[in-house]
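What follows is a short report on a single structure.
Quick note: the coordinates plus some simple rules give every number you see, no bench work behind them. This one's a predicted model, so the numbers in the text were calculated from it and none came from an experiment. Cβ: placed from backbone, ideal geometry, glycine included. Neighbour counts: every protein chain shown.
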Amino acid sequence: MSQKRTEAGESANNMSNFTLLYPSHTLSKVFVPNEALIRHHTLDDIRKDVTTRIKRLIEDAELHRFGTATGESDRWYWAAPLLLDRRNPSIKKNLAGWLKRVNESDDSFFFYTNKDEGSEREESSSKVKHFEEFVQCFENPHEAGLGPLPPDLAEVLADLAIASPAVAALRCVSEQYNPDFYDRTLFAFDLASELLSLFNKPESIAAVRVSTVRAA
């Protein structure tokens, strides 16, 4: 994946993290775990059903219109959940406010190395640059550098709908507590951010590598 430059000139070359960070309200609703459990669906059954639903959503939203011949198809994996939410008028209005407030406030743990120790938000950090690009994709998807839709987009989004940490957290807090849009979205976003930070630690990476080698 090539690097994209932000207005400040710094590279935003790891937008793929938002694939797992963004709590898509649309994806959270296409899979209902309790229903799958009651019907004794296997994981394959669930994936097929959710993939079919997402293919329909992609077609109805006409996401292909945002792609260009010179863009990058891989960018769709993080952009598509955002753009599916953008299509829903009620979600779009709330999401616009959420993105603006998170981008301008001190509310999210995402922008801090260690917020609990009183560290200040780093306005020049790469995380700020990446979040700003995410906001820009929401506001101007035609300028997001998206390529043709990848053939496996629906399948990847189905896995996100089933088990993405952000989507799963959003679904859980919405069903059990149902706070307002801002709070439940922020909770899911921050939880996913903390989980990704945990797995980015050297000891976590080593543990995953060891378990992968043993499994092979």
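Numbers at a glance
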{"read-out": "Links that overshoot a 25 Å alpha carbon limit, given the list Lys55/Lys127; Lys100/Lys129; Lys100/Lys127; Lys29/Lys129", "value": "Lys55/Lys127; Lys29/Lys129"}
{"read-out": "Theoretical gain in end-to-end length, Glu132 to Asp60 [0.36 nm per residue, Cα-Cα removed]", "value": "23.2 nm"}
{"read-out": "³J(HN,Hα) computed for each position of the range 73-88 - Karplus, 6.51 cos²θ - 1.76 cosθ + 1.60, integer Hz, glycine/proline x", "value": "5, 4, 5, 5, 5, 9, 7, 4, x, 5, 6, 5, 5, 4, 6, 7"}
{"read-out": "Cut-off 12 Å between beta-carbons: net charge of the residues surrounding Gly147, Lys and Arg +1, Asp and Glu -1", "value": "-1"}
{"read-out": "For the chain, calculated [θ]222 nm from helices alone, where every DSSP H run of n ≥ 4 adds -39500 (n - 2.57)", "value": "-19000 deg cm²/dmol"}
{"read-out": "Theoretical gain in end-to-end length, Phe181 to Ala207 [0.36 nm per residue, Cα-Cα removed]", "value": "5.8 nm"}
